[in-house]
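Just below is one structure, and these are the notes that go with it.
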Amino acid sequence: MIGLIGKLNAHRALAQVMADNHALWECAADRFQQAQPFGTIQALGLSLQALIEGDRLNAHVRARRFPRLLRGVGRALAAFHSAPLPLERTRDPQREVASLTNRSRLLRAVTADPGRVDRLVGRLTDAVAAHCRMTGPVHGDFHHANVMVNDDGIALIDFDEMGLGDPALDAGRFAVSLSVPSLREFGDLRLLDLGREHFLRPYLEKTGIDPRRVRIFEAAGFLISALTLWRLNRAEGGAPVDNLIGLAESALDEALRRPPSRRTDTGPRAPGSVDRRRWAADSDYVGQLMKPAVHRLHGAEIHRTEVRLGSPGGSSLSLACEMWGATAADRWHGRAEGVCRRNLGASATARLADRLREILAEDPDAILIPPILGINQRLGLILWERMETRKLPTSTAPETPGGSACLGRALARLHAADREPEGRSTLADFLGRQGLPAANELGLDPVEPLAPSLSAPRIPHFGLAEDRIVIRRPDKLGLYPPLLAVAQIERDLAARAGAAAAAAFRDAYLAANGRDASAVDAFARLLPLHGPRKP
């Protein structure tokens, strides 16, 4: 029998929490003990994980084996920091600086010398900004209470704040967090030296992290511990806040005096080192990403997901997914498609797709965009609901549903949607980035804003569902010159269905959009120079 613990995740997207925890389990289950994720209940915002049996680390501070436990923590944390996780969330220097600044406001109110706090926080923020290096995964809230001890040794728990950052953050804050049980159990700070000797030595040996960075984050950690102890002990007259501020000053002074380590930062992988194929093929990981959208769209809980990878094309992978689950009333089954591609701005693409779906929802003649079910920006992964479509007919009859003319009218509606020229890139910007002739050389308006469209669209990128045109490749949505897409589709139609189909498409588009044919001709002249290359 396995005990489970449920956690409400109101502060973070539940899908990302559970996807990250699943990835951690898959990557590091053989490196250290952790809580196995079991699933979610989307309707409650509840995640379920295995219950880790044992005691908190601070319950063992008087035990003879405590130094050995500290060494185990150092090795376990080093193993976590070397795990190649597909994390999106970041804990960059600006976030750490903001955290210090926020805490300093309260710290100033409980110390005898507020100016001392201001000077220290100013120096610390400069040091963090200068020396912080985002080289791998970080726990984000690593302290003695997030370490469990049981018969199997050390277990690390509570990874809900996990993200990409500077691993020295966890090491420095854990070492300093020992000040809390030390003062409570012994009335002094004897565990700090013990922690530095027994925890940090194996950690630094395995990671090669520059000890200066650890000391910088120790200085920050002393300020956090000062506030923690003040809150815990204020009913008994407060805590040794000024003493801990002094320790923070000493740690920072030592860090800034210390020369760089010869083995500086050779340990943790760089954040960019992640196996896209591994995570795109991981059915449980992909399923976790899609759970919130599936629940929102269909009221269903996903119980099982299967992913099949298509043949890779260059740096791109295609995905086909099947999902099984249940609604409140019945069983449920769904399908999804997706791509995993380098340099795909998955977040921006998903936001644009969702916005366009909302804008075009009430227009019965507008193009249909499949709902986006999940993304991972770092992987370049985007997943959308598979819509049952048939091949787009290319009849030359304007009244034929789904024919060339219907595509022209639907594309015109897409290009007219979501026009927000203020702050948006212009045609001149686009042509300059692509190394193409200037707009005035083409007889075009250089300040015309880009519009929602598809990059390098082809007829197979569209399908027909009943009498509606469907975008089968929402991953190609972005902001582009709309008439470039018209020229590309016209050329593709001419090659596939003949000149009459291409002319029907162009005429229907121009009639619906109110543009002049000469502008399409200007873009068409560019196409032979660049072929089907994606803009």
For the chain, compute the number of Lys pairs whose alpha carbons are separated by less than 27 Å, excluding pairs fewer than 8 positions apart on the same chain. 5
What ³J(HN,Hα) values, in whole Hz, does the Karplus curve 6.51 cos²θ - 1.76 cosθ + 1.60 give for segment 327-336 when θ = phi - 60°, with x put for Gly and Pro? 9, 5, 10, 7, 5, 9, 9, x, 10, 9
Mean separation of Cα contacts under 8 Å (at least 6 apart) over the residue count of the chain, i.e. the relative contact order in percent, is 10
So for the pair residue 278, residue 13, with labels modelled 7 Å out along Cα→Cβ, what separation do we get in nm? 2.2
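Accessible area per residue, 1.4 Å probe, Å², for segment 95-222: what's the number?
Accessible surface, normalised per residue, equals 36 Å².
Could you calculate, for segment 429-501, the ratio of the Cα radius of gyration to the Kirkwood radius, expressed as Rg to Rh?
Across segment 429-501, the Cα-based Rg/Rh ratio is 1.03.
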With the 8 Å Cα cutoff and a minimum separation of six or more residues, segment 115-210 has a relative contact order in percent of 24
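Please give the peptides 325-332, 92-99, 287-294, 243-250 ranked by average Cβ packing (other Cβ atoms within 10 Å per residue), highest first, as a rough proxy for protection.
The most tightly packed comes first, giving 287-294, 243-250, 92-99, 325-332.
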Let me test this: with uniform point scatterers at the alpha carbons of segment 79-151, what is the Debye-based log₁₀ I(q)/I(0) at q = 0.17, 0.19 1/Å? -0.82, -0.92
Taking square-rooted eigenvalues a ≥ b ≥ c of the alpha carbon gyration tensor, is segment 73-207 rounded, prolate or oblate, where a/c under 1.5 means rounded and, failing that, a/b exceeding b/c means prolate? oblate
Listed by chain and number, the residues whose amide H is under 5 Å from that of residue 136, excluding neighbours fewer than 5 places away on the same chain and using placed H, are 165
For segment 337-343, just list the computed ³J(HN,Hα) in residue order, Karplus coefficients 6.51, -1.76 and 1.60, θ = phi - 60°, integers in Hz, with x standing in for Gly and Pro. 10, x, 9, 10, 9, 4, 6
Skipping prolines and chain starts, which residues have an amide H placed within reach, meaning under 5 Å, of the one on residue 51, given they are 5 or more residues away or on another chain? 3, 4, 5
Between (i) 97, 56, 54; (ii) 89, 57, 43; (iii) 74, 60, 47, which entry matches Cα extents along the principal axes in Å as derived from the coordinates of this structure? (ii)
Roughly what % antiparallel, to the nearest 5, for the DSSP beta bridges in the chain? 95
Measuring from the lowest to the highest alpha carbon on each principal axis, how far does segment 1-85 reach, largest first, in angstroms? 47, 28, 28
For segment 1-58, what is the accessible area per residue in Å² when the probe is 1.4 Å? 49
Scalar couplings 3J(HN,Hα) for segment 382-387 by Karplus 6.51 cos²θ - 1.76 cosθ + 1.60 (θ = phi - 60°), nearest whole Hz, x for Gly and Pro, are 9, 10, 9, 5, 6, 9
Carbon/sulfur accessible area of the chain, % of total, 1.4 Å probe, equals 48
Rounded to the nearest 500, what is the 222 nm mean residue ellipticity of the chain from helices alone, with -39500 (n - 2.57) per DSSP H run of 4+ residues and division by all residues? -14500 deg cm²/dmol
Kirkwood-based Rg to Rh ratio, segment 1-157, C-alpha trace: 1.02
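The values are calculated or read from the model by the stated rules, or taken from the named source; none is laboratory data. Model, not experiment: these values are computed from the prediction. Don't worry about glycine lacking a Cβ; one is built from the backbone with ideal geometry, like all the others, and counts go over all protein chains shown. What goes into the accessible areas is simple: the full protein's heavy atoms, side chains included, and nothing from ligands, DNA or RNA. Shrake-Rupley method; radii C 1.70, N 1.55, O 1.52, S 1.80 Å.
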